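Reading through the structure tokens given below for one structure.
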Amino acid sequence: MDSVALWFKSIGDETWFYYYLTGMIAISLVVYLFMRDTKADSAIDRHV
Amino acid sequence: MLSVVLMCFGSLMIAVTPTYASIGLAAPILLGVARIIQGLSLGGEYGTSATYLTEVADHRHRGFLFELPIRHADRRTALRHRGAAVAAEGLPHHRRLRAWGWRIPFVIGAALAIIAAVMRATCTRPKPSRRRKTCRGGSRRCGRLFNYPREVLLVVGLTAAGTAAFYTYTTYMQKFLKLSVGLSDDQTTLVTFGSLVFAMILQPIYGAISDRIGRKWLLIGFGVAVVLFTIPLLTALSHAKGPLPAFLLIAAAWMIVTGYNLDQRSGEGRAVPHAGARQWAWACPMH
């Protein structure tokens, strides 16, 4: 993250890092929305 | 056990390595080797410890126990470094102390590794499941990630956001405070130290919440909040006037980001079916 952030800063627009970070998190948010609810169905108790 | 011994050795090596002024180019080379040893040992130890914690914890308190401040290696390391710096600032002749004060956390780390080795030798082991013999791939050593491509993608997706946010508010934040906000060295050290302490206090609280409402909903809450507030928070932080507003803004960010730091680990552990694969999954994305 440091490298990406510092690179954006070096080209003179650090705010692009904020958008980069938000984009990364938005991708994960899609996964969160479609993942199984582990409170009801945990894999740990099936295979130890 | 090997990973713990290597961790101790790597930390001790950093603590006693002479300066560049003393031994020249050998100093950075030795430091580089020590960091590689530390990284390899951490990768081996972290996944194992995380897997063990979730497997031995009662399912009703898994999030809480998992989030006690005994994990989050990177944050603990950062905290130790900032703590040593803050402590050095409070002592007489602190400028001179700063020349060697950074070695203190590595000595502490080496000592803690010995304690970890004793704990490792005495801890109970979960009984292996009979299903281990018949899990996907047909091999006893079926903890290989390629046997679980869907789960691997799930872990990558789960960790992408949290890793990005986590490192932004830990390692990068120090540079951000100094270069973009314009705080002095001392102010930067104090603010990052305070915010990391605050984050560690939040962890078990969020863990207990996740035990009640489930990991998925906390992760969704984290994702939505971070997507909405990352740009406003960092923009406001870049215009912060002094250390107190900066600390408050970072604390606000941790109140959101902690939703990931605790839960994705438990969440991904529960999503990956086999203990061997789970251990790999825990170790790979972060380290």
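On the basis of being at pLDDT 85 or above, assigned to a helix (DSSP H, G or I) and under 18 Å from A:Leu29 (Cβ atoms), does B:Gly221 make the cut?
Answer is yes for this residue.
Criterion first (surrounded by fewer than 20 Cβ atoms within 10 Å (Cβ to Cβ), modelled with pLDDT under 90 and not charged (D, E, K, R)) does B:Ile231 satisfy it?
no
Which condition from (1) of a type in the set (D, E, K, R); (2) surrounded by 13 or more Cβ atoms within 10 Å (Cβ to Cβ); (3) at pLDDT below 85 is the one that A:Lys9 breaks?
Condition not satisfied by A:Lys9: (3).
Quick check: is even one residue across region B:186-208 at negative phi and not in a helix (DSSP H, G or I)?
Scanning region B:186-208 turns up no residue that is at negative phi and not in a helix (DSSP H, G or I).
Residue-by-condition table, conditions (1) more than 13 Å from chain A (Cβ to nearest Cβ); (2) crowded, with 19+ Cβ neighbours inside 10 Å; (3) under 14 Å from the mean Cα position of the chain (by Cα); (4) free of Cβ contacts under 8 Å to residues at least 40 places away in the same chain:
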position	(1), (2), (3), (4)
B:Arg150	no, no, no, yes
B:Val155	no, yes, no, no
B:Thr159	no, yes, yes, no
B:Met173	no, yes, no, no
B:Ser180	no, no, no, no
B:Asp185	yes, no, no, yes
B:Phe193	yes, yes, no, no
B:Gln203	yes, yes, yes, no
B:Asp211	no, yes, no, no
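Given (1) in a helix (DSSP H, G or I); (2) more than 23 Å from B:Ile201 (Cβ to Cβ); (3) modelled with pLDDT under 85, where does B:Arg125 come up short, assuming only one miss?
Result: B:Arg125 fails condition (1) only.
For the structure I just gave you, tell me whether B:Ala277 is modelled with pLDDT of 80 or more, of a type in the set (A, V, I, L, M, F, W, C), in a helix (DSSP H, G or I) and surrounded by 23 or more Cβ atoms within 10 Å (Cβ to Cβ).
So B:Ala277 does not fit the description; no.
The values are calculated or read from the model by the stated rules, or taken from the named source; none is laboratory data. Nothing here was measured: the structure is a model prediction, and the numbers come from that model. Every residue, glycine among them, receives a Cβ derived from its backbone with ideal geometry; neighbour counts consider all protein chains shown.
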